[in-house]
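Please read the structure below before turning to the comments.
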Amino acid sequence: METGILHLHVTVVGAFLLFYVIKVCLLLFREELVDRFRNKTKWLDIVLGSLIVVTGFYLLFIQPQILMWMIIKIVIVFASIPLGIIAMKRKSKGLAILSLVLLIYTYGVSETKSLTFSKKRIKTENGVVDGKVVFQVECIRCHGENGKAGNYGATDLTTSSLTSDLKMDIIKKGKGMMPAYEGKLKEEELKAVVDYIETLQ
């Protein structure tokens, strides 16, 4: 069920952003069409907004821990939506752009799991990749700190009987809700996280 809710949330957020970008573009370049577009899509805004709130709170509720970036993201989203509504009613281009920038920023925060879009340092002082840090940055949300969380249908890593090569293959290519990390992580990072996962068993 978590997998379906996550897919729905991402899809709805994408659709909501797309409609808002269209409205902002109309406001900036064809202001006379904004009200007509808003009137035709009003019911859709209500449905998308409601789905974002419901699915977002559900996903937040099932998190093993609430992190600071999640709280700040929620606060910014709840600030930017009324700001966007006011911008459209008053035809304020500045407020519309500010609201859009805030919404895009929160999308980026969600994707990177960081308020600054930065990654944690994954190498130790001697230049060796720390598999535990890679795991904490990329895997903890679904697998949990001890590998047992099972969020979004994630496998319990403590009971896995897969070989190192099969684990590496799954991490590289992805499986189910798990994204593919080939190209996203370097080979040494992939190997380090496989080595760390094996310590959880």
Give the residues of region 1-32 that are among the hydroxyl-bearing types (S, T, Y) and either farther than 21 Å from K93 by Cα or outside the structural domain of A96 (by TED's automatic domain parsing) (or both), sorted by residue number. T3, T11
When residues of region 82-108 are limited to those that are without any contact (Cβ under 8 Å) to a residue 12 or more places away in the chain and within 17 Å of L28 (Cα to Cα), the one farthest from the chain's Cα centre (by Cα): R90
Looking at L157, L59, L162, which is the one that is over 19 Å from L185 (Cα atoms), assigned by TED's automatic domain parsing to the domain that holds R30 and of a type in the set (A, V, I, L, M, F, W, C)? L59
Please enumerate the residues belonging to region 152-201 that are exposed (fewer than 15 other Cβ atoms within 10 Å of the Cβ) and on the phi > 0 side of the Ramachandran plot. G174, G176, G183
Here are some residues: E145, E198. Which one is among the acidic types (D, E), at pLDDT 85 or above and not in a helix (DSSP H, G or I)? E145
Got a sec? Which of T11, T55 is surrounded by 14 or more Cβ atoms within 10 Å (Cβ to Cβ), within 22 Å of G176 (Cα to Cα) and under 15 Å from the mean Cα position of the chain (by Cα)? T55
I'd like the residue in region 162-180 that is at pLDDT 90 or above and part of a loop (DSSP other than H, G, I, E, B) and, out of all such residues, is nearest to the chain's Cα centre (by Cα). L162
Filter result for V21 (surrounded by fewer than 17 Cβ atoms within 10 Å (Cβ to Cβ) and modelled with pLDDT of 90 or more): yes
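The values are calculated or read from the model by the stated rules, or taken from the named source; none is laboratory data. The structure displayed is predicted, hence computed values, not measured ones. Note: ideal-geometry Cβ built from the backbone for every residue, glycine included; neighbour counts use all protein chains shown.
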